[in-house]
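Each remark here refers to the structure printed beneath this line.
The values are calculated or read from the model by the stated rules, or taken from the named source; none is laboratory data. What you see is a predicted model, and the numbers here were worked out from it, not measured in a lab. Positions of Cβ are backbone-derived with ideal geometry, glycine not excepted, and every protein chain shown enters the neighbour counts.
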Amino acid sequence: MQLGLHGRRALVTGASSGLGLACAQALAAEGATVVISSRSADRLAAAAATIDADVTSIVADVSDPDAVADLVASTNAVLGGIDILIANAGGPPPGKFADTPFERYEPALRQNLLSTVAMCQATVPAMRERGWGRVVAITSAAVREPNPLLILSNTARAGLTGFLKTLAREVAADGVTVNSLQPGMHATERLTSIYGDDLSRVTASVPARTLGEPGDFGRFAAFLCSDSAKFVTGTAIPIDGGAGHGLL
């Protein structure tokens, strides 16, 4: 399938590894011009080496609103505009209610809620003016079924999902789609940081009896950015190997 992404300009954050990097790889493979960003210059350089296309790396901490403004300005300077935003950020530390102090909530909200709000405010108005744009945010399957070990992520990403749904309806008539992807158990560093190196029990809990592959996730994100997905907006799509229990 031709996705119609050749020449489209994409900014992918949290792109030094895992699902963010997979999205950048998939977009580049479809002919998009890509800027990748994360907090580590070294990790970005390693990530860029895995992308079989010219890619620009920009170091930024998206939990800082000023850094988001600088990132978008720098990306616009490089690309001449942003057609596609893949909004991703590393998850906050694991924890339950009883062992998570109040002061940890604000950083989690900045990282996994307000960062995407700031990125949308900086990019979506220009998309609306051009009559074409794609926003895909990477959240978590825990938005549908909160993970008891991830109270900070559950809280921040549920709020982000509400923001994205509201935004999607407001900008739909302008040719801009806004969706989120809710990954379940994927073979990433994040998973081992939570569950350790032995992921056999985690894998066994997935009905598909396998962990998700980041490359598959990235290609699905690229499809959401395509012309064929222009009628898909306001959705929050689980990619979890059948792990969700709900009907919707």
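General remarks:
- Residues in segment 71-115 that are of a type in the set (A, V, I, L, M, F, W, C) and touching a Cys at 6+ places or on another chain (Cβ under 9 Å) were compared, and the one that is farthest from Ile151 (Cα to Cα) is Ile84.
- Qualifying residue in segment 120-135 (condition: hydroxyl-bearing (Ser, Thr, Tyr) and under 14 Å from the mean Cα position of the chain (by Cα)): no
- A count restricted to segment 154-181 and to residues that are over 17 Å from Gln111 (Cα atoms), among the polar types (S, T, N, Q) and either touching a strand residue (DSSP E or B) at 6+ places or on another chain (Cβ under 8 Å) or touching a residue at least 24 places away in the same chain (Cβ under 8 Å) (or both) stands at 2.
- Residues in segment 96-145 that are touching a Lys or Arg at 6+ places or on another chain (Cβ under 6 Å) and surrounded by fewer than 16 Cβ atoms within 10 Å (Cβ to Cβ): there are none.
- The residue pairs whose first member lies in segment 222-246 and is at positive phi, whose second member is buried (at least 16 other Cβ atoms within 10 Å of the Cβ) and charged (D, E, K, R), and whose beta carbons are closer than 9 Å, counting only pairs six or more residues apart or on different chains, are Gly234/Lys165.
- Qualifying residue in segment 103-115 (condition: modelled with pLDDT of 95 or more and in a loop (DSSP other than H, G, I, E, B)): no
- Which numbered condition Ala142 misses (of (1) of a type in the set (A, V, I, L, M, F, W, C); (2) modelled with pLDDT of 95 or more; (3) over 19 Å from Asp66 (Cβ atoms)): (2)
- Selection within segment 2-15: residues that are on the phi < 0 side of the Ramachandran plot and assigned to a loop (DSSP other than H, G, I, E, B). The member of this set that is nearest to the chain's Cα centre (by Cα) is Ala15.
- Boolean, Phe231 is closer than 22 Å to Ile51 by Cβ and at pLDDT 85 or above: no
- Listed here are the strands (runs of 3 or more DSSP E) enclosed by segment 26-95 that have at least 1 residues being over 17 Å from the mean Cα position of the chain (by Cα) and surrounded by fewer than 21 Cβ atoms within 10 Å (Cβ to Cβ): 55-59.
- Set Thr192, Thr177, Thr123: member being assigned to a helix (DSSP H, G or I), polar (S, T, N, Q) and either modelled with pLDDT of 95 or more or closer than 26 Å to Ile82 by Cα (or both): Thr123
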